[in-house]
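These notes concern the structure reproduced below.
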Amino acid sequence: MSKDNIFCCERLKGLYNIGNEYKPNFRVILNSDEFINQHLRRGIKIDREFRFIITQGYSKHLSSKETDSMFINNCPFCGAKLNEMYNNKSYINEVNHSW
C-alpha cells in the first residue's frame, strides 16, 4: 500500500489495514490471468481489473473454498463505489488467491 492512498472512509481503511487473519477485513485483489481467461473462454468479459472482498479472516491465503468471504461493489459504511475509489495497483493487498 502506498502511503499516499486515499480511502472512502476511516472504517473501511481500518478493515483494509488489519492483517488477513483478523475479522472482518477488506481486501483488494487483482484479477488473475487465469480468472480472466476462464471467463473469456465462456464468453464472459471481465470489465474490472480489481475485485473487492470482505473476509472473516484467513491464515494462509485467500481461497474461495476455505475462506468465508463476500464480494462487494460498494463500501458497506459510506456507500462509495469501490471500483471508482480503489482503481490502481497501489491498493492491492491480496495477490495469492484462487480466482
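The values are calculated or read from the model by the stated rules, or taken from the named source; none is laboratory data. Bear in mind that the values here come from a model prediction, so they are computed numbers and not experimental data. With ideal geometry, Cβ positions are generated from the backbone for all residues, glycine too; neighbour counts draw on all protein chains shown. Only protein heavy atoms, including side chains, enter the accessible area calculation; ligands, DNA and RNA are left aside. Shrake-Rupley method; radii C 1.70, N 1.55, O 1.52, S 1.80 Å.
Here are some notes:
- Gly19 vs. criteria part of a loop (DSSP other than H, G, I, E, B), of a type outside the set (Phe, Trp, Tyr), without any contact (Cβ under 8 Å) to a residue 60 or more places away in the chain and under 21 Å from Asp4 (Cα atoms): yes
- Meets criteria (at pLDDT 90 or above, open to solvent by 30 Å² or more (accessible area, probe 1.4 Å) and in a loop (DSSP other than H, G, I, E, B)) for Ile44: no
- The range 47-69 - residue that is within 21 Å of Glu84 (Cβ to Cβ) and outside any strand (DSSP E or B) and, of those, modelled with the lowest pLDDT: Asp47
- Odd one out for Phe7 among (1) in contact (Cβ under 8 Å) with a residue 40 or more places away in the chain; (2) open to solvent by less than 20 Å² (accessible area, probe 1.4 Å): (2)
- Cross-chain or 6+ apart pairs with Cβ under 6 Å, the range 73-99 first and within 22 Å of Glu21 (Cα to Cα) and modelled with pLDDT of 90 or more, then open to solvent by 70 Å² or more (accessible area, probe 1.4 Å) and not in a loop (DSSP other than H, G, I, E, B): Phe77/Arg11
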